[in-house]
Amino acid sequence: MRKAAFTFVMLSAISPLSNATGNLIDAIESNLYSPIEIVGDAPSTLQQRMAHYQVPGLVIAVINDHELAWVKGYGVKEAGKAAPVTEETLFQVASISKAVTSTAVLHLASQDKIDLDKEANDYLTSWKVPDSKHTTHHPVLVRHFINHTSGLSQHGFPGYPIDQPVPNAAQILTGEAPANTEAVHSILPPGISLKYSGGGYTALQQLLIDHFDIPFAALLEQTLLSPLKMENSTFELPLPESKSAQVATGHPQNGLPIEGRYHQFPELAAAGLWTTAPDLAKFIIEIQTALKGGESHLIDQKTAKTLTSPSIVPYHGMGYFLNDYQRDGNGYFEHSGWNYGYVSRFVAHTQSGQGVIVLTNANQPGILSEIVNSVAKAYEWQDFSIAQRTPKTITEDEITLAIGTYRHENGYEMSIFREGKRLFIQFPEQEKKELIKTADYTFIRRDLETPMIISHQDDGVGLAFVNPDGSRTEYTKR
């Protein structure tokens, strides 16, 4: 198999930097830990973590006191090539597109150009939310698309290779060729519970096209991108040839470039934004400024608060995820994204004017958390939660009980094995992960806080992952 080649390049996009900022950057680059920090682990450098995750290139932008403090590119646009990542490098930011789309729609609603509480089918003409037992008494409203309570199917999308035909939004919604996903349909009553839905945002995309009678990319350009001077950002599909040289090539988990450099995502509202770190910083700073009642360019304070306040659940607003938000509107709002070959994340505070953006050209989300945590510590972010655990010594009895092959009732298998006094878990076609003991017969991974409990059962040895909602995913030792 051809191996990916990695070159490490660092470029500062803001010059000159103050000594204090330079020291902060040094601290961030030299003090990375796993997403779940294990007491006693030594820190790694950013260069080491990029090599570990096989991330060819990434860019970090830090916001401080409602201003872009610095931007820095690391690595290369494509593995095996020399072109470095810079502040002008374009990345697919995947589901961060949803945050941008939701903000544009709420801005239009603030101008009375669309009604969030109107039935979606009153606006839709090219496609309708299908009638079902779920919609008989609870019609889908426009706002349901935005806060993921539409009850529509299709979590995410695989995209389309550059040399294949691309469907329009209506074809995606109906599942007609050349769409590569099934028709979007109701699976839950709308407005009742959060069910993340790329299908819902694609329906919102078609609704905006039908209502305003202009292409989605043009509507977002004139509504949001242009007013915020996000000059390197676009929803256009295909990507304009003039921007081709700026593109960071996508790399799936094998660390090799995507043939054709990237997939296309006609699900524009859900996953179609191309942008740079400085452009995305403009967008985030706009929301932060509006939240503080400052002089914003586009978003008013009421709209900004609606976007970043709990909607159907405490941890989700109108297109944003919320972190530690139950303190009088004082907390963090964020979004992440995963497209084939790319992952990205931003985190920003509603009041302090602090934040960070990380864009990468590889499907390795673990590095996002490591960088965000490092930035949060260096800048001493208030009330930012970083998971930290103290490991306990694994006993021989625990090792003996744990090692073996485990099977889920659906036939899926994984194995646990020892290396000296250490235990490792491995799923098919995935790298091994060390298990860290946190309590008797209870373990976590450095990249996943979900507790794993091993115990004797009536029919042998059982293993259970305890999910955040308290449910258990159980395996039986063969």
### Query
What accessible area per residue, rounded to a whole number of Å², is obtained for the stretch 21-156 using a probe radius of 1.4 Å?
38 Å²
### Query
What nm value, rounded to one decimal, do you get for the distance between N330 and F427 when each label is placed 7 Å out toward the C-beta?
3.9 nm
### Message
Rounded, prolate or oblate for the stretch 17-72? Axes are the square roots of the Cα gyration tensor eigenvalues, ordered a ≥ b ≥ c, and the cut-off for rounded is a/c under 1.5.
### Response
prolate
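So, by mean Cβ neighbours within 10 angstrom, what's the order for 106-119, 300-313 with the highest one leading?
The packing order, highest mean first, is 300-313, 106-119.
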### Carbon/sulfur fraction of accessible area - the stretch 192-275, other protein chains in place, 1.4 Å, %
49 percent
### Query
Measuring from centroid to centroid over Cα atoms, what is the spacing of the stretch 119-142 and the stretch 438-477 in Å?
41 Å
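Roughly how many percent of the accessible protein surface of the stretch 58-145 is carbon and sulfur, given a 1.4 Å probe and a whole-percent answer?
Numbers: 1420 of 3380 Å².
The computed percentage sits at 42.
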### Summary
From the Cα centre of the stretch 52-68 to that of the stretch 306-383, the distance in Å is 13 Å
### Query
Kirkwood Rh, Cα Rg: Rg to Rh for the chain?
0.97
### Query
Using the Cβ atoms and a cut-off under 15 Å, what net charge is assigned to the surroundings of V129, where Lys and Arg are +1 and Asp and Glu are -1?
+1
### Task
Label the stretch 221-270 by shape, choosing from rounded, prolate and oblate, from the square roots a ≥ b ≥ c of the eigenvalues of the Cα gyration tensor; if a/c is under 1.5 it is rounded, and otherwise prolate applies when a/b is larger than b/c, oblate when it is not.
prolate
### Message
Could you order the peptides 351-358, 388-395, 21-28, 92-99 from most to least packed, using the average number of other C-beta atoms within 10 Å per residue?
### Response
92-99, 351-358, 21-28, 388-395
### Task
Based on alpha-carbon positions alone, could you give the equivalent ellipsoid semi-axes of the stretch 289-446 from the gyration tensor, as √(5λ), descending, whole Å?
40, 18, 15
### Message
Around E413, under 11 Å between beta carbons, what's the net of Lys plus Arg minus Asp minus Glu among the other residues?
### Response
+3
### Query
In Å², what does the accessible area per residue of the stretch 319-478 work out to with a 1.4 Å probe?
46 Å²
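Give me the percent of accessible area attributable to carbon and sulfur for the stretch 370-418, probe 1.4 angstrom.
Here carbon and sulfur together make up 43 percent of the probe-accessible area.
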### T390-D213 FRET efficiency (beta carbon distance; Förster radius 45 Å; 0.05 resolution)
0.15
### Query
Once you list every other residue whose beta carbon is under 10 Å from the beta carbon of T393, what net charge do they have if Lys and Arg are +1 and Asp and Glu are -1?
+2
#### Entry: Ranked by how many other beta carbons lie within 10 Å on average, peptides 270-278, 402-410, 334-342 from highest
270-278, 334-342, 402-410
#### Entry: Above-threshold pairs, the threshold being 23 Å between Cα atoms, out of K195/K243; K77/K432; K421/K477; K72/K282; K72/K229
K195/K243; K77/K432
### Task
Hey, could you get me the Stokes-Einstein D for the stretch 189-325, Kirkwood radius over alpha-carbon pairs, 10 °C and 1.306 mPa s, rounded to whole µm² s⁻¹?
93 µm²/s
### Summary
Over the chain, the sum of -39500 (n - 2.57) across DSSP H runs of at least four, divided by residue number and rounded to 500 deg cm²/dmol, gives at 222 nm -7000 deg cm²/dmol
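The values are calculated or read from the model by the stated rules, or taken from the named source; none is laboratory data. Treat the numbers as computed from the prediction; the structure is a model and nothing was measured. FYI the Cβ positions are ideal-geometry reconstructions off the backbone, even for glycines, and counts take in every protein chain you see. Just the protein is used for accessible areas: all its heavy atoms, side chains included, with ligands, DNA and RNA removed. Shrake-Rupley method; radii C 1.70, N 1.55, O 1.52, S 1.80 Å.
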